[in-house]
Amino acid sequence: MDGLHSLGAVTAEIFGLPLEGQTVQESKPLRTEDETQGPPLKPLVFRVDESTPGLVQSVLLERGWDKFDEQRQDVEDWNLYWRSSSFRRAEYVNVKPWQRLNHHPGMTNLTRKDCLAKHLARMRSRYGESLYEFTPLTFIMPTDYTKFVAKYFKEKQDLGTKPSYWICKPAELSRGRGIIIFSDIRDLMFKGTYVVQKYICNPLLVGRYKCDLRIYVCITGFKPLTIYMYQEGLVRFATEKFDLSNLEDYYSHLTNSSINKLGASYQKIKEVVGQGCKWTLSRFFSYLRNWDVDDLLLRQKISHMVILTVLAMAPSVPVAYNCFELFGFDILIDDNLKPWLLEVNYNPALTLDCSTDESVKRSLVHDVIELLYLNGLRSEEKKCGRTPGNSVVSLARSDQHEFCATPNSSSYASLIQFTTGSKSDPAVQNSCPKHTRTSQLREMMSRQDRLLTKEAAKSKPRHKAWHLPRKTVFPYASQSQPHKMKGPAGDLPEAESTPNDHAGNFVLIFPFNKATFGASRNGLNVKRIIQELQKLMNK
Ligand code: ADP
């Protein structure tokens, strides 16, 4: 299935936009609101609190959304609630079919350093060391203190006079707070829950500076599991030269920008790195290509790592509908080009500290919104009990808002049922008067406008190396021979429509072939998925 195309085609039909093969000039102009039948389109509404990043608000306003006003609007009168803190159980339970929440319950299993370590250790013992060797050896303190001491002295003996290096990090803090790096166990101090991890002492250096990658990952649903990885991202640099003889210099060993932007060398033009402490991911990969590094292979390794990490906790995630989660995976590349997972961030920073942030994060937020409305929440289809081949237009309230109500008010369906060919179902059309869809159409129009603007500007794909053709391809399945899977019209039952392969710069990384698609439909068959991943990795 080609979601972008099918959505585009249906929207095009509705609004007289160009279809594939038509040029922009040939197309009919967009109809104005006055020309459409029914009442004028109402904008979608976003809800925020004091923790919501300013960038999110500004992008949504830019896209024509309205900000929720508690005084003037009904308490349920919003479509997206984006905030930094997690939602309460009641908020998950009471979410309405027309609403989306930017957090999924149970995510600390991935984002708390001790929980992540536990889950990955369990997977390592079940599926083998070699598959899960992408995290540095980790001990959870105080529980594993004795084990750590034994390992420390064993290693000391093996290394003789050579030092071994460790890093100690608070389980729950972020931004480099409370971290110590040590080679002498007498320097280890902790109070509360910490992780002690093998310090990667051979990082890939750019100039002579350490760096790590911030990879954005969006999970649009856990049931079934659907993972997208962002093609663009950030590379974060330390601002002092890497120096193992001075473990106390955080500007040399930590790559957090919250630390390095305060460093004395932040503004200096540094060897190869230049000014500041950030590059875009595409700049980094093009730098590597100049050194004959196979950046595509590196990207594939990273995507496998992301899938394996999510698989470690996905089966234990509580069922919740209408949620999505944007994560920041921190990945360090060593001088053998092996990627290491350092941690997974909840609420990856969306502050704009420099022009690199501006170019990456603004598009990121736009693409998250595109992803939401393009991909829909497939798990909902199941909940609303749609039958194969039927598209349900059962979304929401018929009063103030524009979405349709069905007799069964507990029904859920994708916000973008148009992508699944619902227009061909007359029963569905009859149950949904035209004017009730306008809010959805508003978002589609806004996207179509953006697509048209881009097309008109004849801009090149932003990241050519990752640009995908408009057909259903599992981009990370294999470098040489991408697996192709037929969409609803092909060899899969119609109800089992595949997720869109990309939205903006987000690329689908899971499911990545027909087998993993099948193994994630009715519950998650982790063993089967891992077999498929192993096949891929052994190629
Ligand atoms: P925080 O949540 O505080 O940012 P991280 O685990 O991301 O904690 O660590 C902060 C920084 O410390 C990383 O960005 C990286 O530069 C460095 N770091 C963390 N763990 C390791 C490690 N095992 N080896 C080398 N460097 C590390």
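The values are calculated or read from the model by the stated rules, or taken from the named source; none is laboratory data. Quick caveat, the model's predicted, so the values are computed rather than measured. Here the Cβ positions follow ideal geometry from the backbone for every residue, glycine too, while neighbour counts run over all protein chains shown. Keep in mind that these areas ignore ligands, DNA and RNA; they rest on the heavy atoms of the full protein, side chains included. Shrake-Rupley method; radii C 1.70, N 1.55, O 1.52, S 1.80 Å.
Okay, here's what the table says:
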read-out	value
Count of residues meeting criterion [within 22 Å of Gly176 (Cα to Cα) and either more than 16 Å from the ligand (Cβ to nearest atom) or of a type in the set (Gly, Ala, Ser) (or both)] in segment 340-356	4
Selection within segment 155-202 - open to solvent by less than 40 Å² (accessible area, probe 1.4 Å) and free of Cβ contacts under 8 Å to residues at least 12 places away in the same chain	Glu155
Residue list for segment 90-113, restricted to those being of a type in the set (D, E, K, R), open to solvent by less than 20 Å² (accessible area, probe 1.4 Å) and more than 18 Å from Asn347 (Cα to Cα)	none
Condition broken by Val273, with the remaining ones in (1) touching a residue at least 60 places away in the same chain (Cβ under 8 Å); (2) touching a helix residue (DSSP H, G or I) at 6+ places or on another chain (Cβ under 7 Å); (3) within 16 Å of the ligand (Cβ to nearest atom); (4) not charged (D, E, K, R) satisfied	(2)
Qualifying residues in segment 88-100 (those that are in contact (Cβ under 8 Å) with a residue 60 or more places away in the chain and not β-branched (Val, Ile, Thr)) - the one farthest from Ile369 (Cα to Cα)	Tyr92
In segment 149-170, the residues that are under 36 Å from the mean Cα position of the chain (by Cα) and either polar (S, T, N, Q) or within 14 Å of the ligand (Cβ to nearest atom) (or both)	Ser164, Tyr165, Trp166, Ile167, Cys168, Lys169, Pro170
Flag if Ser282 is assigned by the TED database to the domain that holds Leu364, in contact with an Asp or Glu (Cβ under 9 Å, 6 or more places away or on another chain) and free of Cβ contacts under 8 Å to residues at least 12 places away in the same chain	no
Checking Tyr145 against (1) at pLDDT 95 or above; (2) open to solvent by less than 40 Å² (accessible area, probe 1.4 Å), the condition it does not meet	(2)
